[in-house]
Amino acid sequence: MNKPPLRILLASPRGFCAGVDRAIQIVEKALEVHGTPVYVRHEIVHNRTVVEALEARGAIFVDELDEVPEEAVVVFSAHGVPKSVPAEARRRELTYHDATCPLVNKVHSEAGHHHAAGRRIILVGHAGHPEVVGTMGQLPDGAILLVQTVEDAETVDVEDHGDLAFITQTTLSVDETADIVAVLRRRFPGIIVPRSEDICYATTNRQTAVKRIAGSCDAFLVVGAPNSSNSLRLKETARRHGCARAALVQRARDIDWDMFDGVRTLGITAGASAPEILVDEVIEACRRRYEVSTHEVAATRENMSFSLPRALDV
């Protein structure tokens, strides 16, 4: 029986970014240098396949530092942590390595600079996301106001409009954030903007790649975790730019094949914490049902890399 044809458009870039690569390498290096076990506070990145692979090598993932025994080694996740976390690690004399993405650290630095200058800070981001928790935890309670939506931007109450700045989470929708920022700049003309884009290069590039192909696709699959902000934004981007049938899947086994009814062109991308092996797995699952042809569509090329912490760069 002949299989129906399926044209797959692969968005590029996709998958791992430099910050994710660095975070995974930090856990791997810590295991090499210190031996097992190495504890990791929260998922190092939002991907179960990555987490399980590191667990198999001797990493133990915990929610909080009180689960880490005395004299142990702990790694902080790529999303960043409140200042209270390394302070507690030092108080307990734990050996720790910080895998916070350097681009998240840049946002932390901006927040500190604005606070030192006496400015009130608005953070555009999603409540409860680890990156937002970490960023807000850089400063005393109340120093940062969180804005999540355009509606929030229209109603946020700031007493002094003269000393105001905004920063953003690094993994937001580029389009939605632009709408929020436009409201903030209209309401607060003197608001200080980031010196460079806070939304990271990888988030921007992956969304741009999806925009390039979404309108040509009958359906779209984003390989990523349901708690991954950048992966969720990729699904939203596909829908916003012409492909209503867009879904987020962690692995091939999660695909709802009913959504493929009448599909001749499928778009595929992967969130910044999803390994390419999972994309390969999805394509192979498609091959079992369709006569597949694949076409890579590149929006840009990436060559970013980040160095490891000095203590592990051996």
Looking for whichever is more than 30 Å from Glu296 (Cα to Cα) and either among the hydroxyl-bearing types (Ser, Thr, Tyr) or surrounded by 15 or more Cβ atoms within 10 Å (Cβ to Cβ) (or both) here; the options are Val210, Val193, Val181. Which one fits? Val181
Can you confirm whether segment 9-16 contains a residue that is among the aromatic types (Phe, Trp, Tyr) and under 26 Å from Phe220 (Cα atoms)? yes
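Considering each residue of segment 55-87, count those that are aliphatic (A, V, I, L, M), closer than 24 Å to Ala270 by Cα and surrounded by fewer than 23 Cβ atoms within 10 Å (Cβ to Cβ), and give that number.
Looking only at that region, the number is 1.
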Residue pairs within 8 Å by beta carbon, gap of at least six or interchain, first lying in segment 245-267 and over 20 Å from Ala225 (Cβ atoms), second in a loop (DSSP other than H, G, I, E, B) and of a type in the set (A, V, I, L, M, F, W, C), listed first then second, are Arg245/Val263; Thr265/Cys217; Leu266/Cys217
Condition check: surrounded by fewer than 19 Cβ atoms within 10 Å (Cβ to Cβ), farther than 22 Å from Ser273 by Cβ and touching a helix residue (DSSP H, G or I) at 6+ places or on another chain (Cβ under 6 Å). Does Gly242 satisfy that? yes
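For every residue, the table says whether it meets (1) touching a residue at least 60 places away in the same chain (Cβ under 8 Å); (2) under 30 Å from Leu164 (Cα atoms).
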residue: Leu184; (1), (2): yes, yes
residue: Val193; (1), (2): no, yes
residue: Ala202; (1), (2): yes, yes
residue: Asn205; (1), (2): yes, yes
residue: Ile213; (1), (2): yes, no
residue: Leu221; (1), (2): yes, no
residue: Gly224; (1), (2): yes, no
residue: Ser228; (1), (2): yes, yes
residue: Arg233; (1), (2): yes, yes
Among the residues in segment 121-133, are any more than 18 Å from Gln169 (Cβ to Cβ), of a type outside the set (Ser, Thr, Tyr) and modelled with pLDDT of 95 or more? no
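Among the candidates Gly271, Gly242, which residue alone is outside the structural domain of Val51 (by TED's automatic domain parsing) and at positive phi?
Details: Gly271 fails: at positive phi.
The match here is Gly242.
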Inside segment 214-235, the number of residues satisfying the requirement of being surrounded by fewer than 21 Cβ atoms within 10 Å (Cβ to Cβ) and in a helix (DSSP H, G or I) is 1
The number of residues in segment 271-296 that are more than 27 Å from Ile24 (Cα to Cα) and touching a residue at least 40 places away in the same chain (Cβ under 8 Å) is 8
Give just the number: which of (1) within 27 Å of Glu43 (Cβ to Cβ); (2) modelled with pLDDT of 95 or more; (3) not in a helix (DSSP H, G or I); (4) not polar (S, T, N, Q) does Ala165 not satisfy? (1)
In the list Val74, Val51, Val27, Val81, which residue meets the criterion of being of a type in the set (Val, Ile, Thr), part of a loop (DSSP other than H, G, I, E, B), under 22 Å from the mean Cα position of the chain (by Cα) and not assigned by TED's automatic domain parsing to the domain that holds Val210? Val81
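The values are calculated or read from the model by the stated rules, or taken from the named source; none is laboratory data. Note that the structure is predicted; figures quoted are calculated from it, not measured. All Cβ positions, even for glycine, are placed from backbone atoms using ideal geometry, and neighbour counts span all protein chains on display.
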